[in-house]
Amino acid sequence: MSATQFSTYLRRLVGEERVDRLRSAIGPLYRAAQYNLVQPAQNRLRYRRRLSAAPTYDLGDRDVLFLVVDCLRNDHISRSGYDRQTTPFLDSVGTYYPNCASAASWTYSSVPSILTGLYPHTHGAVFETEYRNKGMDTPPANLREDVFTLPEILAKSGYETYLSTAIATAELPVRGRFKEANIYHDSHYNAPAEKLRRHLLEWWDSTDGPRFGYVHFGDLHAELRRPDQEPFGEIPDVDNVEGWDFLETTEPREEFEAYREAKLKLYDSVLRYVDDQIRLLFDALDERGDLEDALVVVVGDHGEEFWERVELERRHFDDPRNTYGTGHGHALVPEVVFVPLLISGESVTETTDWVSTTDIVPTVLAELGLSESDLSAFDGVPHQYPVPDRAVLSEEVAYGYDQQAVVRGSHLLIHSPYEDQSVVLDLEADEQIDDPDVETTLRSHLSDEKQAGTANTLNATTRDQLADLGYI
């Protein structure tokens, strides 16, 4: 008897209402068992199997820590010249790369690029459908089985590996790739940075290393949590400022402008809170004597848009939600693509050339002693061996038809092959231009190939977490 047949039989036997009450009582217990017992056991088995197949390299033993801030756009950190002091601590940390493009417009495809050094069309954590709408009912594919992540490569060399995240879509595509992985999900809100900081330090103190830690802060992802401090003045008590309003229209204009102003002030205030939590983390590692020799990467997985490109997107790119110019995952515009990248402990100097989040893994491995020939397997370019006049890519949207973007020099191309739409932006003038020669040159860097990993399945707990993020 199938599960469906049994459910029908049970309903006829004891009645619809009793079955519904039984489901309500058992459901949370089932999800808790799945999350706390079944899933960790499956992850451990997968981790051990993959570790045996991972490549072996002769690497150094410096601690490595990735701090990824969800929805962090480059032009809102004060180091970029922003008019609010949102990141006073990060302003003084490591090497700053002001021209960094995220490999993807949303977390699910972006995080694997940060952890593999490969673009989405190579690593496989992508949608196979041309048209997307939220997407987690028919989730994107897993990371390809023959692709190994940085934590797996380092674990093979003797590292302890750890992931903690407030965003479920950061863990899902790399499930089973870390020795220990935790999703800290508070109901309705993402777990605060302070909680992730404390748990990282507990893990850090539990092992002698060498260590690779990955922390994914979700504070800037809606729903935003109002911080205790308001460093840029009182945040107006505007209805639903923690979420999103004015999704289909920016009228009435006066109410919209008040809402947008409050939204930006809340975003910037939360960013200041995250900056302070990162400072406390650096201070704690310094007190332990573990910071001086560590490699620490701070990066945004993608940015966030606040109505800057509403009309451009409405003219050129279809969104099934009929919402344009807000959030992320819908269009490869500058506010979503350009993210800050800071690296503390590397041996190279700053550059104003374009870099990519795919560069992080090869740069770290170069610092740990991997040879230049072995580094050629990555899509990303190690900062120790820069490529002049380089073009970098950004890919994968979660809403509408798929897009691919190319950044080179002062131009950005956004291309939607299924809609036969191309937009070229002059980044210095911040305007759309019509230049066939520039468009042809940029289109020559697009990739025609795309490899998807194995099909994905979502358990009930993961579905609950994704629903709170608006993906289901």
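Checking the stated criteria, A170 turns out to be among the small types (G, A, S) and either under 25 Å from D379 (Cα atoms) or not in a loop (DSSP other than H, G, I, E, B) (or both). Please find, among G329, G325, G300, the residue that is buried (at least 22 other Cβ atoms within 10 Å of the Cβ), over 30 Å from H383 (Cα atoms) and among the small types (G, A, S). Among G329, G325, G300, only G325 is buried (at least 22 other Cβ atoms within 10 Å of the Cβ), over 30 Å from H383 (Cα atoms) and among the small types (G, A, S).
Only residues that are under 20 Å from the mean Cα position of the chain (by Cα), crowded, with 18+ Cβ neighbours inside 10 Å and assigned to a loop (DSSP other than H, G, I, E, B) were counted in segment 192-224, giving 7.
Would you confirm whether or not segment 280-291 contains a residue that is assigned to a strand (DSSP E or B), of a type outside the set (D, E, K, R) and within 24 Å of the chain's Cα centre (by Cα)? No, segment 280-291 has no match at all.
Count, please, the residues in segment 53-71 that happen to be within 18 Å of the chain's Cα centre (by Cα) and farther than 25 Å from D146 by Cα. Full working, then the answer.
Taking segment 53-71 and keeping what is within 18 Å of the chain's Cα centre (by Cα), we get 65-71.
So of that shortlist, the ones also farther than 25 Å from D146 by Cα come out as 67, 69-71.
The total comes to 4.
For segment 201-223, the set of residues classified as at pLDDT 95 or above and either more than 23 Å from I114 (Cβ to Cβ) or outside the structural domain of Y159 (by TED's automatic domain parsing) (or both) consists of E202, D205, S206, listed by residue number. Among the numbered conditions (1) buried (at least 21 other Cβ atoms within 10 Å of the Cβ); (2) outside the structural domain of T454 (by TED's automatic domain parsing), the only one that A101 does not meet is (2). Of all residues in segment 42-70, those that are surrounded by 14 or more Cβ atoms within 10 Å (Cβ to Cβ) have Cβ atoms under 7 Å from Cβ atoms of residues that are among the polar types (S, T, N, Q), 6 or more apart or on another chain, in Y57/S157; L59/S157; D70/T107.
Out of all the residues in segment 169-186, is one or more touching a residue at least 24 places away in the same chain (Cβ under 8 Å) and farther than 30 Å from H123 by Cβ? Within segment 169-186, none of the residues are touching a residue at least 24 places away in the same chain (Cβ under 8 Å) and farther than 30 Å from H123 by Cβ. Here is a check on your reading of the model: is D268 buried (at least 18 other Cβ atoms within 10 Å of the Cβ) and touching a residue at least 40 places away in the same chain (Cβ under 8 Å)? Here the answer is yes, as D268 does meet what is asked.
The condition of being part of a helix (DSSP H, G or I), modelled with pLDDT of 95 or more, acidic (D, E) and surrounded by fewer than 23 Cβ atoms within 10 Å (Cβ to Cβ) holds for only one of D83, D75, that being D75.
Looking at segment 417-454 only, could you name the residues that are in a strand (DSSP E or B) and modelled with pLDDT of 95 or more? Result: S422, V423, V424, L425, D426, E431, Q432, I433. Which count do you get for residues in segment 107-147 that are touching a His at 6+ places or on another chain (Cβ under 8 Å) and surrounded by fewer than 24 Cβ atoms within 10 Å (Cβ to Cβ)? Looking only at that region, the number is 2. Among the residues of segment 161-187, those identified as hydroxyl-bearing (S, T, Y) and either closer than 16 Å to L65 by Cβ or surrounded by fewer than 24 Cβ atoms within 10 Å (Cβ to Cβ) (or both) are T161, Y162, S164, T165, Y184, S187.
Would you be able to say whether some residue in segment 184-200 is touching a helix residue (DSSP H, G or I) at 6+ places or on another chain (Cβ under 7 Å) and under 18 Å from H76 (Cβ atoms)? So far as segment 184-200 goes, yes, one or more of its residues are touching a helix residue (DSSP H, G or I) at 6+ places or on another chain (Cβ under 7 Å) and under 18 Å from H76 (Cβ atoms). Of the residues making up segment 148-160, those that are surrounded by fewer than 24 Cβ atoms within 10 Å (Cβ to Cβ), touching a helix residue (DSSP H, G or I) at 6+ places or on another chain (Cβ under 7 Å) and of a type outside the set (A, V, I, L, M, F, W, C) number 1.
For segment 168-200, how many residues are among the aromatic types (F, W, Y) and modelled with pLDDT of 95 or more?
From segment 168-200, those among the aromatic types (F, W, Y) are 178, 184, 189; that's our starting set.
Cutting the leftovers down to modelled with pLDDT of 95 or more gives us 178.
Final tally of qualifying residues: 1.
The values are calculated or read from the model by the stated rules, or taken from the named source; none is laboratory data. All values reported here derive from a predicted model rather than from experimental measurement. Using ideal geometry, Cβ is built from the backbone for each residue, glycine included, and neighbour counts are taken over all protein chains shown.
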